[in-house]
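Everything below concerns the one structure shown next.
The values are calculated or read from the model by the stated rules, or taken from the named source; none is laboratory data. Model, not experiment: these values are computed from the prediction. Counting neighbours? That spans all protein chains shown, and the Cβs are built from the backbone with ideal geometry, glycine included.
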């Protein structure tokens, strides 16, 4: 029995006085790294409804529906359950209406709860 423990003693002693490598997650949150791509957020005031983001999205996670053609009003639906966080919509938007936030806790009980509507 003692022969099985002996190879592990140096490793055990080396880590005995080190601080833990993990964090107490729900209570202590780590800062997100630089360049992290969280959820897509749209600034509806900047959006002109050109639909370039709809055409460029590989996951088909963005829908733009024209509400009024004369007043140029539209409704945009962002499906976070489909989004693959590739940031293609952010790169292709000519008015820079999109940006990625640092949110990583996006769990929901229903996929309909992940849908965001911008007007």
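The table below gives the values:
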read-out	value
Contacts under 9 angstrom Cβ, first residue in region 8-25 being on the phi > 0 side of the Ramachandran plot and touching a residue at least 60 places away in the same chain (Cβ under 8 Å), partner loosely packed, with under 10 Cβ neighbours inside 10 Å and in a helix (DSSP H, G or I), 6 or more apart	none
Every pair of residues 6+ apart whose Cβ atoms lie under 9 Å, when the first sits in region 99-115 and is free of Cβ contacts under 8 Å to residues at least 60 places away in the same chain while the second is surrounded by 11 or more Cβ atoms within 10 Å (Cβ to Cβ) and assigned to a helix (DSSP H, G or I)	99/90; 108/114
Failed criterion for residue 57 (all others in (1) free of Cβ contacts under 8 Å to residues at least 40 places away in the same chain; (2) in contact with a strand residue (DSSP E or B) (Cβ under 9 Å, 6 or more places away or on another chain); (3) surrounded by 12 or more Cβ atoms within 10 Å (Cβ to Cβ) hold)	(2)
Failed condition for residue 31, given (1) within 30 Å of residue 119 (Cβ to Cβ); (2) assigned to a loop (DSSP other than H, G, I, E, B)	(1)
Lone qualifier among 26, 33, 20 - being surrounded by fewer than 10 Cβ atoms within 10 Å (Cβ to Cβ), modelled with pLDDT under 90, under 28 Å from the mean Cα position of the chain (by Cα) and closer than 27 Å to residue 108 by Cα	26
Residue match in region 63-86 (condition: closer than 26 Å to residue 119 by Cβ, in contact (Cβ under 8 Å) with a residue 12 or more places away in the chain and assigned to a helix (DSSP H, G or I))	no
Residue match in region 93-104 (condition: surrounded by 14 or more Cβ atoms within 10 Å (Cβ to Cβ), out of contact with any helix residue (DSSP H, G or I) (no Cβ under 7 Å at 6 or more places or on another chain) and either modelled with pLDDT of 90 or more or not in a loop (DSSP other than H, G, I, E, B) (or both))	yes
